[in-house]
1. Let me know the shape class of region 373-435, please: from the alpha-carbon gyration tensor, a ≥ b ≥ c as square roots of the eigenvalues, rounded when a/c is under 1.5, otherwise prolate if a/b is greater than b/c, or oblate.
2. So how tilted is helix 30-39 from the main axis of the chain? Cα-based, degrees 0 to 90, rounded to 10.
3. Placing +1 on the Cβ of each Lys and Arg and -1 on the Cβ of each Asp and Glu in the chain, which of PRO44, LEU167, VAL395 has its Cα farthest towards the positive end of the resulting dipole?
4. Between 0 and 90 degrees, rounded to the nearest ten: what's the tilt of helix 341-354 against the longest Cα principal axis of the chain?
5. So, in Å, what gap is there between the alpha-carbon centers of region 373-394 and region 62-122?
6. For helix 295-307, what angle does its Cα long axis make with the longest principal axis of the chain, in degrees from 0 to 90 and rounded to 10?
7. If you find the alpha carbon centre of region 203-222 and of region 167-186, how far apart are they in angstrom?
8. What size of dipole, in debye to the nearest 20, comes out for the chain about its Cα centre when the only charges are +1 on Lys and Arg C-beta atoms and -1 on Asp and Glu C-beta atoms?
Amino acid sequence: MKAIHDPHGALTTGLAAIRQQYQVPQGFPPEVMAAAELAATRAPTAHADRTAVPFVTLDPASSTDLDQAFWIEPSGADLLLHYAIADVAWFVDDGDAVDAEAWKRGETLYLPDGKASLYPPALSERAASLLPDGPRPAVVFTVRLGPDGAARLDGAERALIRSRAKLAYDTVADSDLPPAFTEYARRVNEAESARGAARVDPPEQEVEALGKGRYGLAFRPLLPSERRNAALSLSANLAIAATLQNARTGLFRVMAGPDHKALSRLRSTAAGLDIAWERGEDLKAVERRLDQKNPHHAAFMIAVRRAGNGAGYAPWLPGVTPWHEAIAATYVHATAPLRRLADRYVIRATLAVANGQPVPSEVEDAFQRLPTVMARSGAQSGQIERAVIDLAETVMLQGRAGERFSACVTDAEGDSARVQLIDLPVVARAKVPEAAPGQRVDLRLESVDIAKRRLTFVTAE
């Protein structure tokens, strides 16, 4: 983590400009706030009592919008995941003021100085959030995981649950978690490898609030607790996807792999970064050998992510098997309804299918409209994230024009190269004649433009 020194408040000013440029909502309209406050008073009357199950949550320490709580228990050779997901649909009706506002937003937008939530705080941080301060309504999915890591949905029900603890990724101990937590994640990860999946998780370039108006910029690899927690969501989403596909309904997360041209560029990148890639070897086999902590491997992970065609959403269609190339399976998003609009509808469909009921027509209609809405909000979120990082990089390097920096080329097109500085968590573009991926270069910082969030690097003479 590199602390950003910002005595003149350029980062604060820049974040305000980003909010304005990308039209990040500031709060909620009064009528939406009032509707949410009223909805938050709804008593859960359609929910089974599952408060005896010792659910816990696991999230970043500062999170208050808690989508998931879980407990795991053995069932013969299988493991049963009881996965409680916030029952947002209990509080939000089709077409009401809260619902209409959520369709405008699509997803929660995150910035270092605060977020623009999908739902008002009365729901997202209180009544619907699975906080450990009282019973909460949830939809509980029971996922059966075999010794081979294959997951299937055993059932889904609306239930009243009580979280026993709000656990944090960076402080959680194994003793805080269900005894089978690590084994569950191991099975899921081994099954992922067996079916040929290779999720690429490069260290994320991240801006973090440090308090008192200070921020930090870093590359942050996932913690082991985060990886294991992600395995729970992955297994549930795979089980739900199979259930919906079999029922001929649903909204699926889809992604195609890199095309032939992109694969050719990746081979050049791997060679430049001294990463072995044998002739005839599949890209996924290479990906499974990568280590986040190795700078060359991390650079290649970023190149792989950029080479893909991007993920999107698609409704069920006759004769089509929805496919997510990185996961190597049919896949859905169903475990973060407080943060993603689409999840609320996937949960509703799964609840109906699992209990032998027809999927509501409103949900089927939503599946046709959601891909466009989620694509728009996803693009906005990505643009904001990149703008925030660009801003942090310029503030960090203000006053250092003329200095030399060592860098590694991660991608190149002609004389335009994407480079990663060796000693700072900065990724930028530079003019590098005949640049080649993996090439080490000495650069000179020519200019810093905080207002435009732009760094200009050229090769040092």
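No value in this document is a laboratory result; all are computed from the given coordinates. Predicted model, so just to flag it, every value in this text is computed and none were measured. Here Cβ is always computed from backbone atoms with ideal geometry, including for glycine, and neighbour counts include all displayed protein chains.
1. Details: a/c = 2.88, a/b = 1.46, b/c = 1.97.
Oblate.
2. Compared with the principal axis, the helix lies near 40 degrees.
3. My answer, from the dipole projection, is VAL395.
4. With rounding to tens, the tilt is 40 degrees.
5. 21
6. 70
7. 24
8. Numbers: 53 positive and 58 negative charges, 90 e Å.
The dipole of the chain has a size of about 440 debye.
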